[in-house]
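Since the structure comes first, as structure tokens, the remarks are kept for the end.
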Amino acid sequence: MLTNAGTTAKESEKATRRFVVRNRTRGTIVAEDVHVADTPSARRVGLLKHSELKPREGLWIYPCQAVHTFWMRFPIDVAFLDRHRRVRRVYHRLLPFRLTRFVWRSRSVLELAAGVLEESRTESGDELEFSRHES
């Protein structure tokens, strides 16, 4: 079945999946409106079309082991996660036109507004929990 923009219903549903992310280790909310980028097209675009990222918004990129911020217009926080959604590495306030290191054993990355990881006290080793956003 096709929707308005010529995409299938399955593609449309996939594009609108949103999550709330909690830090189970610290008992804090990391983000309340996280979108998923799990297709080649969505991963390639990432946050490039955004002019800002609000404090409780984010992008969960899967699969991913390194990111860049070339052509971005704002700094971001980045958390690399393993297959158990345990934080392997964090980057605070990664500026535009930067490149992270390749993070071994990471399976995905969570991109957030600058300062969110510090505010939620999220550190390497913490376990994150993703649950469906209730619209």
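Values in this text are rule-based calculations from the coordinates and carry no lab data. Here the structure is a predicted model, which means the values were calculated and not measured. When we count neighbours, we look across all protein chains shown, and the Cβ atoms used for this are built from the backbone with ideal geometry, even at glycine.
Report, in debye and to the nearest 20, how large the dipole of the range 23-85 comes out about its Cα centre when Lys and Arg carry +1 and Asp and Glu carry -1 on their Cβ.
Working: 10 positive and 7 negative charges, 19 e Å.
Charge dipole, the range 23-85, about its Cα centre: 100 debye, nearest 20.
What does the range 35-113 give for Rg and for Dmax, in Å, if only its C-alpha atoms count?
11.4, 31
Can you give me the relative contact order of the range 9-132 as a percent, contacts being Cα pairs under 8 Å and 6 or more apart? Write out the running numbers ahead of the final one.
On the way: 295 pairs, mean separation 38.2, N = 124.
Computed over the range 9-132, the figure is 31 percent.
So what does log10 I(q)/I(0) come out to for the chain at q = 0.16, 0.22 Å⁻¹, using the Debye formula with one equal point on every Cα and no solvent?
The Cα Debye sum returns log10 ratios of -0.78, -1.42.
Determine the dipole magnitude for the range 9-132: charges of +1 sit on the beta-carbon of Lys and Arg, -1 on that of Asp and Glu, nothing else is charged, the reference point is the Cα centre, and the result goes in debye to the nearest 20. Don't skip to the end; give the middle numbers.
Values: 25 positive and 16 negative charges, 73 e Å.
Computed charge dipole of the range 9-132: roughly 340 debye.
Could you give log10 I(q)/I(0) at q = 0.15, 0.22, 0.24 Å⁻¹ for the range 85-135, computed by the Debye formula over C-alpha point scatterers of equal weight, without solvent?
For the range 85-135, the Cα-only Debye profile gives -0.48, -0.97, -1.11.
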